[in-house]
1. Among VAL48, HIS97, ASN71, pick out the residue whose Cα is farthest towards the positive end of the charge dipole of the stretch 1-121, where Lys and Arg carry +1 and Asp and Glu carry -1 on C-beta, about the Cα centre.
2. Straight-line reach from LYS129: which lysines have a Cα under 28 Å away, not including same-chain ones fewer than 8 places off?
3. Got a sec? How would ILE149, ILE15 order by Cβ neighbour count within 10 Å, fewest to most?
4. Which of the three applies to the stretch 18-88, rounded, prolate or oblate, going by the alpha-carbon gyration tensor with a ≥ b ≥ c and a/c under 1.5 meaning rounded?
5. Taking N as the number of residues in the chain, what is its Cα Rg relative to 2.2 N^0.38 Å?
6. Counting Lys and Arg as +1 and Asp and Glu as -1, what is the net charge of the other residues whose Cβ lies under 15 Å from the Cβ of ILE15?
7. Return, ordered by residue number, the residues of the stretch 113-131 whose backbone nitrogen is under 17 Å from a label point located 7 Å along Cα→Cβ of ALA78.
8. Separation between the GLN27 and GLU10 pseudo-spin-labels, each 7 Å from Cα along Cα→Cβ, expressed in nm?
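Here, each number is a calculation from the coordinates, and none is a lab measurement. For clarity, every value in this text was computed on a predicted model and none was experimentally measured. No Cβ is skipped: glycine too gets one built from the backbone with ideal geometry, and neighbour counts run over all protein chains shown.
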Amino acid sequence: MNQLAEYLDELSTLISQQDKHNQAISQSNVGWHIEHILLTINMIINEVKKASPEKYKWSFKLPRILVFSMNKIPRGRAKSPTIVLPTTYDKHTLLGHIKLTQTTIHELANISQEQYFHHPFFGHLKLKKTIKFLEIHTNHHLEIIHDIIRSND
């Protein structure tokens, strides 16, 4: 959880650059990536809280093994679910969303390790693996954000 908190602190410093964009790196601007990260974290944590541990089923998923082994999501390979695609955002909504997400990640400390999230490609992920996925996913988008910002300097 400390890593997620650090990532949120970093994201808050990047909001001022939300309008930066580079089509060669991403179809979306920095603000979109920030909002997507926040939507994803909040949606997944809320799903973990609602899960019924007795319904958890482990299954072999090669993509999960590869991504978790490399600690990296390959760029341009996956399509995000509609629920985590940003629609509208600005500096003020991003700041508010970061505060909400900070509260949400603190809730992880009170969630049973048996709770899980169902990822469309990786299958069921218990809490520890869910947190690792959130860290990998957030870092993936932070790398894109940094590439966009560097290309605009």
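1. Positive-end residue among those listed: ASN71.
2. Output for LYS129: LYS49, LYS50, LYS55, LYS57, LYS61, LYS72, LYS79, LYS99.
3. ILE149, ILE15
4. Values: a/c = 3.08, a/b = 1.49, b/c = 2.07.
It comes out oblate by the Cα gyration axes.
5. Working: Rg = 15.4 Å, N = 153, 2.2 N^0.38 = 14.9 Å.
Normalised Rg, Cα atoms only: 1.04.
6. Numbers: positive: LYS20, LYS91, LYS99; negative: ASP9, GLU10, ASP19, GLU35, ASP90.
Neighbourhood net charge equals -2.
7. In the stretch 113-131, the label zone of ALA78 (backbone N under 17 Å from the point 7 Å along Cα→Cβ) covers 116-131.
8. In this crude label model, GLN27 to GLU10 measures out at 2.6 nm.
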